[in-house]
Amino acid sequence: MHLSHVAIHPEKFPVTHHYPFNLAIFQQGADLSLSSPVTFFNGENGTGKSTLLEAIADKCRIYSWQGMERARFNKSPYERDFYKVISMRWTNGSVPGSYFSSRVFRNFAEILDEWATSDPGILNYFGGRSLMKQSHGQSLMSFFTSRFRIKGIYLLDEPETALSPKTQLELMEILKAMGKAGHAQFIIATHSPILLSCPEAVIYSFDRSTLEPVPYKKTDCYRIYRKFIKGSGPCPSP
């Protein structure tokens, strides 16, 4: 692994009543062992998955594309300070990487198209085609398949949002192959039971009182989908 540990230090929190320092799961502290090429953060909305992922990106000095900044009502002044209270341990020194967020990917694709008007060769780093001329799901896969060939650490926030179940399986195969090759490491926040089933991946559940690894079939995500498919969900079985 490029990155072997991430620790959260609550004793360094500047406050405990402002987001994200008011999240109970962070106030417990944690020492996350990243022992697999693929690590998942799974849990309900608002539990802190994306917050920790962004903090890791900031600590790694990986630029997280945020799109256009707009004024927000009652924004926490500490919102992007979480990286200051985490520590990390590298195996053989830091490596480059990238941060992906489905929330701002289209904005990134538009800017990339604008850059390509003066430097068309830049598209070669993203599959060789304009991301704007592909469907949302196709553009994501073009980005993933080209980017993940480069040695580094990759932080992905809900990459499954525009992907069909079949394409999610294709992404899982990419994660397996690139991780097995030994040059790529992935930390992924996801709600996808398909991606979570990636063999030998480590899953940290944000639905517990503390951040600890959980087996795939013990995640709430798996249990809910299994219950629904078996016909005990809100829709009757055929």
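The values are calculated or read from the model by the stated rules, or taken from the named source; none is laboratory data. Predicted model only: the values in this text are computed from it and were never measured. Quick reminder, even Gly has a Cβ in these numbers, built from the backbone with ideal geometry, and neighbours come from all protein chains shown.
Some values worked out for this structure:
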item: Contacts under 8 angstrom Cβ, first residue in the range 145-161 being free of Cβ contacts under 8 Å to residues at least 12 places away in the same chain, partner surrounded by fewer than 18 Cβ atoms within 10 Å (Cβ to Cβ) and of a type in the set (A, V, I, L, M, F, W, C), 6 or more apart; result: none
item: Scan of the range 2-22 for residues that are within 19 Å of the chain's Cα centre (by Cα) and surrounded by fewer than 20 Cβ atoms within 10 Å (Cβ to Cβ), ordered by number; result: S4, H5, A7
item: In the range 1-55, the residues that are among the polar types (S, T, N, Q) and under 17 Å from Y154 (Cα atoms); result: S4, S33, S35, S36, T39, N42, S50, T51
item: Enumeration of residues in the range 95-130 that are surrounded by 15 or more Cβ atoms within 10 Å (Cβ to Cβ), aliphatic (A, V, I, L, M) and not in a loop (DSSP other than H, G, I, E, B); result: A109, L112, A116, L123
item: Filter result for P193 (more than 14 Å from the chain's Cα centre (by Cα), surrounded by 15 or more Cβ atoms within 10 Å (Cβ to Cβ), of a type outside the set (S, T, Y) and at pLDDT 95 or above); result: yes
item: Residue within the range 170-186 that is assigned to a helix (DSSP H, G or I), closer than 23 Å to S205 by Cα and basic (K, R) present; result: yes
item: Residue that is farthest from the chain's Cα centre (by Cα) [pool: residues in the range 147-169 that are part of a helix (DSSP H, G or I) and crowded, with 16+ Cβ neighbours inside 10 Å]; result: T167
item: Any hit, the range 11-22, residues being modelled with pLDDT of 95 or more and either in a helix (DSSP H, G or I) or at positive phi (or both); result: yes
item: Residue check for L195: touching a residue at least 40 places away in the same chain (Cβ under 8 Å) and under 24 Å from M88 (Cα atoms); result: no
item: Residues that are at pLDDT 90 or above and touching a Ser or Thr at 6+ places or on another chain (Cβ under 8 Å), drawn from the range 83-104; result: R89, W90, T91, Y99
